[in-house]
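Undergrad: Below you'll find the structure I mean.
The values are calculated or read from the model by the stated rules, or taken from the named source; none is laboratory data. In this text the structure is predicted, and so the values were computed from the model without any measurement. Quick reminder, even Gly has a Cβ in these numbers, built from the backbone with ideal geometry, and neighbours come from all protein chains shown. Just so you know, the surface numbers come from the protein's heavy atoms only, side chains and all, with ligands and any DNA or RNA stripped out. Shrake-Rupley method; radii C 1.70, N 1.55, O 1.52, S 1.80 Å.
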Amino acid sequence: MLAMQFLREWMEEPWQPVSRAALFGWLAFYGLFLLYAATDADGFLMVDNVNLVTHEAGHLVFWPFGYIIGILGGTLGELLVPLLCGIYFLRQRQVPAVAFCGFWFFENFPYIATYMEDARTVTLPLVGWGNEHDWELLFTHWNVLQYDRVIGGWVRTLGWLGMIGAVAWFAWRAYRTQSE
């Protein structure tokens, strides 16, 4: 009961205002990025180099929890970093930062999907300790390797919907801060 009251009060706290210049600047950024991502041919964007670092670090962080979790830890790492950053900025009530972290979280999905879709063919260049393909190992372990492209397609779609959703939320929330 106390937790619900705290959550209700926290949700009613005002967000920090977003200027019109910031609103339009961020919308331009997101529009250009989405255009860049939509016209990308190889499934690996420049920003994915940052995501690759958090992916590899995730393996190290999650390795003590077992072999499968250690392999999955790469993907968990690249998703947890923007998620935790987003939670921090959510507590600060900073609209642009929360939207950016949400966008970043979902921007990982098309990259993850490309990796998933490669599970049977293993043609992507791999980095890390060995030449083990995370999603080949995971899908084989879960007995779903034959569905790598289907699962990857769903993950890619979820990523695009999430990125567009983050931009829509940003526009709505930023507009509301101007009228509060």
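Undergrad: In this structure, is Y111 open to solvent by 10 Å² or more (accessible area, probe 1.4 Å), aromatic (F, W, Y), out of contact with any helix residue (DSSP H, G or I) (no Cβ under 6 Å at 6 or more places or on another chain) and modelled with pLDDT under 95?
TA: no
Undergrad: What is the one condition in (1) within 30 Å of L23 (Cβ to Cβ); (2) touching a helix residue (DSSP H, G or I) at 6+ places or on another chain (Cβ under 8 Å) that G73 does not satisfy?
TA: The number of the failed condition is (1).
Undergrad: Here's another thing I want to ask about it. Considering each residue of region 43-55, count those that are at pLDDT 90 or above and over 24 Å from G153 (Cβ atoms), and give that number.
TA: Summing the residues that are at pLDDT 90 or above and over 24 Å from G153 (Cβ atoms) in region 43-55 gives 1.
Undergrad: Still on this model: For the structure I just gave you, tell me whether I71 is open to solvent by less than 20 Å² (accessible area, probe 1.4 Å), among the hydrophobic types (A, V, I, L, M, F, W, C) and over 24 Å from V167 (Cβ atoms).
TA: Criteria met by I71.
Undergrad: Residues to consider are A28, A41; find the one that is outside any helix (DSSP H, G or I) and exposed (fewer than 12 other Cβ atoms within 10 Å of the Cβ). So that I can check it myself, show each step before the final result.
TA: Details: A28 fails: outside any helix (DSSP H, G or I).
Exactly one of A28, A41 is outside any helix (DSSP H, G or I) and exposed (fewer than 12 other Cβ atoms within 10 Å of the Cβ), namely A41.
Undergrad: Could you grab the pairs with beta carbons closer than 7 Å, sequence gap of 6+ or different chains, first residue in region 141-161 and open to solvent by 100 Å² or more (accessible area, probe 1.4 Å), second one assigned to a helix (DSSP H, G or I)?
TA: Listed by first residue and then by second, the contacts come to H141/I68; R149/E117.
Undergrad: So A119 passes all but one of these: (1) more than 29 Å from L34 (Cβ to Cβ); (2) buried (at least 20 other Cβ atoms within 10 Å of the Cβ); (3) in contact with a Phe, Trp or Tyr (Cβ under 6 Å, 6 or more places away or on another chain). Which condition number does it fail?
TA: Among (1) more than 29 Å from L34 (Cβ to Cβ); (2) buried (at least 20 other Cβ atoms within 10 Å of the Cβ); (3) in contact with a Phe, Trp or Tyr (Cβ under 6 Å, 6 or more places away or on another chain), the lone unmet condition for A119 is (1).
Undergrad: Pull up region 124-138, narrow it to residues that are of a type in the set (A, V, I, L, M) and modelled with pLDDT of 90 or more, then point me to the one that is surrounded by the fewest Cβ atoms within 10 Å (Cβ to Cβ). Talk me through it step by step, then tell me what you get.
TA: Filtering region 124-138 down to residues of a type in the set (A, V, I, L, M) leaves 124, 126-127, 137-138.
Then keep just the ones that are modelled with pLDDT of 90 or more; that gives 137-138.
On the way: L137: 16, L138: 19.
Only one residue fits best here, namely L137.
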